[in-house]
Structure formats: C-alpha cells, structure tokens
1. Pop out the carbon and sulfur fraction of the accessible area of the chain as a percent, whole number, probe 1.4 Å.
2. Restricting the calculation to Cα positions, tell me the Rg (one decimal) and the Dmax (whole number) of the chain in Å.
3. Any idea of the accessible area per residue across the chain, 1.4 Å probe, to the nearest Å²?
4. Can you sort Asp8, Asp140, Asp70, Asp18 by 1.4 Å-probe accessible area, starting with the largest?
5. So, in nm, how far is label Thr54 from label Leu145 when the simple model puts each one 7 Å beyond its Cα toward the Cβ?
6. What accessible area, in Å² to the nearest ten, does a 1.4 Å probe give for Ser139?
7. Among Phe68, Phe56, Phe51, what's the order by accessible area (1.4 angstrom probe), most exposed first?
8. Rounded to the nearest 10 Å², what accessible area does Thr125 have for a 1.4 Å probe in the complete protein model?
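The values are calculated or read from the model by the stated rules, or taken from the named source; none is laboratory data. What you see is a predicted model, and the numbers here were worked out from it, not measured in a lab. As a convention, Cβ positions derive from the backbone with ideal geometry for all residues, glycine included, and neighbour counts pool all protein chains shown. To get the accessible areas, we keep the full protein, side chains included, count just its heavy atoms, and leave off ligands, DNA and RNA. Shrake-Rupley method; radii C 1.70, N 1.55, O 1.52, S 1.80 Å.
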Amino acid sequence: MVIEAVRDSVSGFVWETDAIPGFRTLRWEEGLLIIPASFPVEDFGRRDIGFACTEFLEGSGSSGQLLFQDGIFPVSEPLVLADGLIELRMTGGELEIRGAMIRYRRPAAGGSDFKSGLLLLAGMTLMIIVLLRRARLKSDERSRL
C-alpha cells in the first residue's frame, strides 16, 4: 500500500506516537492510519510512503464490502481498510488499485490555486493596459512633431 505526498512538508500529514500506546498514527484532514510502533514504513518515491499489508486486507464502508479490482475509484463515503495489523480510515480522495498495489491519493486542492491564477490574470491585464496607453501617448507625441 502506498500513501501519496506524506513526506511533502505542506501536505498536512502529521505523525503522532502518543495517541494510542504501542501504535503510531498518521493523521490528515481526510483520514487516519493506525499502525504498530515497530511496523516498518518505507520511503516510496520522493514524497510517498509505502508499507506491506497481509492477505487478510479487507475494506468496508456504509455501502458494504470493498471489492479489490483494478481501477481508480473515488472515496465517496467513509471507508476503512484493515488487515488485523494496520487500519486505514478515509473520508475523501481516491484509491488506485493495480494488482497487489493499492495507492491512496488525497483530493486535489483546487480553491487556492484558482485564486492565485485570477491574481496573475489581473496583473497581466493591468500591465497590458498600461503598455497600450504608453504606446498611444508616444504615438501622439511623434505625430505632433
């Protein structure tokens, strides 16, 4: 199992060791991962973490059991994946299942990116208006000579 962007400093993932004695907890806005304190978690890629699950991994939500079939699936309701050793709870994002590999991605944050794009557009528009006005003034100045 792989959880994306955990090691990214601005992603919002926080490791806690005090919540449950003998366990580590990874918290983020849409989920929670509970693993034993001695359970090995490995770096996977530049920003992700990965860990092994047993063959007893099961998933369930309010709609029933999760069927592990290949594809990318949005998490549209609270979902729990557990194998007796680890427990992954999530309320949003998406699961990508490819054979024995399960990858969890948080939902894309679109709100803040949209505002910065509008600010950039407004600045470029203002710059074009100022340059056109300046060009017109220079043109009028030359025509008078």
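1. Details: 5820 of 9990 Å².
Ligands and nucleic acids excluded, carbon and sulfur reach 58 percent.
2. Here Rg and the maximum Cα pair distance are 24.7, 88 Å.
3. On a per-residue basis, the chain sits at 69 Å².
4. Reading off the accessible areas and sorting them downward yields Asp18, Asp70, Asp140, Asp8.
5. Calculated label separation equals 8.7 nm.
6. The accessible area of Ser139 comes to roughly 70 Å².
7. From most accessible down to least: Phe56, Phe68, Phe51.
8. Estimated to the nearest 10 Å², Thr125 gives 70 Å².
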